[in-house]
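S.K.: Here it is, the structure, as structure tokens.
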Amino acid sequence: MSRHLSVSRLKLAASQFIEAMIVTIASFKGGVGKTTTALHLATYLQTLAPTLLVDGDLNRSALDWAARGNLPFKVIDEKAAVKFARQYEHIVIDTPARPAPEELKTIAQGCDLLVLPTSPDALAMGAMLQMVDALHELNANYKILLTLIPPHPSRVGEEAKQSLHSAGLPVFKSGIRRYAVFQRAALEGVPVNQVKGDSKAGIAWRCYCEIAREILS
């Protein structure tokens, strides 16, 4: 299996045993909440059915997160993906930043939905639009997720969403606010809904619950 993960084989392995939903998180730019998104979508899906998180990122950020604490689902690297896929109904895949064209094709064709996280700043939006251009040629099923949205009174998140809507691009109705509690969750090795003593933990968790429900609707 290639280093970036043969998701086509992974999906085939899962479908031979149980009905599986594969959600892949991908970005052309780092630092936009890719791993945070993968981890929290897996946390939500685990409440519904057994869920596997496959860490295909070269930085192994999801595996590092898991090693620091206790996650409610299994995290593995891509080398073990086919072996374990048959045991899970839902699979979430964290991919390397800026995949090469052939890697992107494999990623796009091997999942049910490709989630593209991006912060609303110009550099991240520009990188995301480059990925969108590449995905259009692949006829991929994708949806854009705005992350790291500054708190009110900033309107940069709403303005970014409106510009995406105006361009006719698929974007999630909800977005992920920029909360320091996500960093604390990573340090503690838990999902944000398990962080104690932070008033923003519940709000931050609800952000991802809304995204997960939209994926499943």
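The values are calculated or read from the model by the stated rules, or taken from the named source; none is laboratory data. Keep in mind it's a predicted model, so treat the numbers as computed, not measured. Using ideal geometry, Cβ is built from the backbone for each residue, glycine included, and neighbour counts are taken over all protein chains shown. The accessibility values were calculated without ligands, DNA or RNA, using every heavy atom of the protein model including side chains. Shrake-Rupley method; radii C 1.70, N 1.55, O 1.52, S 1.80 Å.
S.K.: Under 5 Å between amide H atoms, partner at least 5 residues away or on a different chain: which partners does ASP77 have, H built in plane at 1.01 Å?
M.R.: Distant-sequence amide H within range of ASP77: ASP55.
S.K.: A further question follows. With every protein chain left in place, what is the accessible area per residue of the chain in square angstrom, probe 1.4 Å?
M.R.: Ligands and nucleic acids excluded, the figure is 46 Å² per residue.
S.K.: Further question on the same structure: How much accessible surface area, in Å² rounded to 10, belongs to the heavy atoms of ASP121 with a 1.4 Å probe?
M.R.: Accessible area of ASP121: about 70 Å².
S.K.: Also: By how many nm would the segment from ALA167 to ILE203 grow when fully extended, if each residue of separation counts as 0.36 nm and the alpha-carbon distance is taken off?
M.R.: 10.0 nm
S.K.: Expressed as a whole percentage, what fraction of the accessible surface of region 28-99 belongs to carbon and sulfur atoms when a 1.4 Å probe is rolled over the protein heavy atoms?
M.R.: Carbon and sulfur atoms account for 47 percent of the accessible area of region 28-99.
S.K.: With each run of n ≥ 4 DSSP H residues scored as -39500 (n - 2.57), what mean residue ellipticity at 222 nm is computed for the chain after dividing by its residue count and rounding to the nearest 500 deg cm²/dmol?
M.R.: After summing the helix terms and dividing by residue count, I get -13500 deg cm²/dmol.
S.K.: Which percent of the accessible area of region 153-217 is formed by carbon and sulfur heavy atoms (probe 1.4 angstrom)?
M.R.: With neighbouring chains kept in place, the figure for region 153-217 is 50 percent.
S.K.: So, one more: Within 10 Å, count the other beta carbons around each residue, average over each peptide in 88-95, 101-108, 77-84, and list them highest first.
M.R.: 88-95, 101-108, 77-84
S.K.: Also, I was wondering about something else. Net charge near GLY33: determine it from the other residues with C-beta under 13 Å of the C-beta of GLY33, scoring Lys and Arg +1 and Asp and Glu -1.
M.R.: Working: positive: LYS29, LYS34, ARG177, ARG178; negative: ASP57, ASP94, ASP121.
It works out to a net charge of +1.
S.K.: Which FRET efficiency, nearest 0.05, do ASN70 and LEU113 yield, Cβ-Cβ r, R0 25 Å?
M.R.: The value I calculate is 0.35.
S.K.: While we're here: Specify whether the C-alpha gyration tensor of region 95-217 places it in the rounded, prolate or oblate class, a ≥ b ≥ c being the square roots of the eigenvalues: rounded for a/c under 1.5, otherwise prolate if a/b is larger than b/c and oblate if not.
M.R.: Verdict is prolate for region 95-217.
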